[in-house]
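Rule-based calculations on the coordinates, nothing more; no lab input. What you are looking at is a predicted structure, and each value in this text was computed from that prediction instead of being measured. We place every Cβ from the backbone using ideal geometry, glycine too, and count neighbours over all the protein chains shown.
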Amino acid sequence: MSLTAYKKKRDFKQTAEPKGEVKKKEKTLIFVVQRHKASRLHYDFRLEMQGVLKSWAVPKGPSLNPQDKRLAMMVEDHPYSYKDFEGVIPEGNYGAGIVEVWDSGTVTDLDQSDIKIAEKNLLNGLKAGNLKFTLKGKKLKGEFALVKFKNAENNAWLLIKHRDKYAVDEDYNSEKHTPKNSPINKALASAKKKSK
Ligand code: MN
């Protein structure tokens, strides 16, 4: 999998985002959800496969309620090292704004297989447009699916929580699961003050 699109969009003399030449060797695959205040606030949902992070922009953020089907627009692969990226992307650059890690942990297939089998199953799901996986994060836990819209020309998928012991029935708003003093929330609060 290639990072050409990722690199093309960015000027690494200007942004502190990783160039992504490094790749680790761990016994688990990772996931990360980054909250990103760009022109619009959204969440970037990333799953490790074949040394890169397959990525979706989720406008409303993930949900633990199985009744929610959250739109997830597939975007360019990001480098593995992006999992730790937090900070400011300067004005005038692609995705200018602030990035903070909202949740992170490991991802496997539904059987929670060893890394090689899990990765194969994830890749097959990705290709089929029906990707099922298990997350072990701090906020996101249990089984989820990413399902691609049929006959869609664009990259629209839906992110859905499976019904399991981690699922909830009440409304789930990822914003409410974000610390009030997070870097983005602090920046939003001070911008609000200034505009008064
Ligand atoms: Mn983003």
Average projected area [Cα convex hull, the chain], square nanometres: 12.1
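Report the extension gain between Ala187 and Tyr166 in nm, rounded to one decimal, defined as 0.36 nm multiplied by the number of residues separating them, less their alpha carbon distance.
4.4 nm
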Net charge of Cβ neighbours under 10 Å - reference Gly105; Lys, Arg +1; Asp, Glu -1: +3
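Nearest 0.05, what FRET efficiency do Ser195 and Glu175 give at R0 = 30 Å with Cβ-Cβ as r?
The value I calculate is 0.90.
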Most mobile of Lys176, Lys132, Lys120 in a GNM of the chain (Cα contacts under 10 Å): Lys176
Three-way shape call for the stretch 87-173 based on the alpha-carbon gyration tensor, with the a/c threshold at 1.5: prolate
For the chain, calculated [θ]222 nm from helices alone, where every DSSP H run of n ≥ 4 adds -39500 (n - 2.57): -5000 deg cm²/dmol
Local electrostatic count at Ala5 - Lys and Arg +1, Asp and Glu -1, tallied over other residues with Cβ under 13 Å: +3
Segment Lys120-Met73, extension gain: residue separation times 0.36 nm, minus the distance between their alpha carbons: 14.7 nm
For the chain, built as a Gaussian network whose Cα springs stay under 10 Å, the top-fluctuating residue of Glu170, Glu143, Glu17: Glu170
Top of Ser113, Ser174, Ser63 by mean-square fluctuation, Gaussian network on the chain, Cα under 10 Å: Ser113
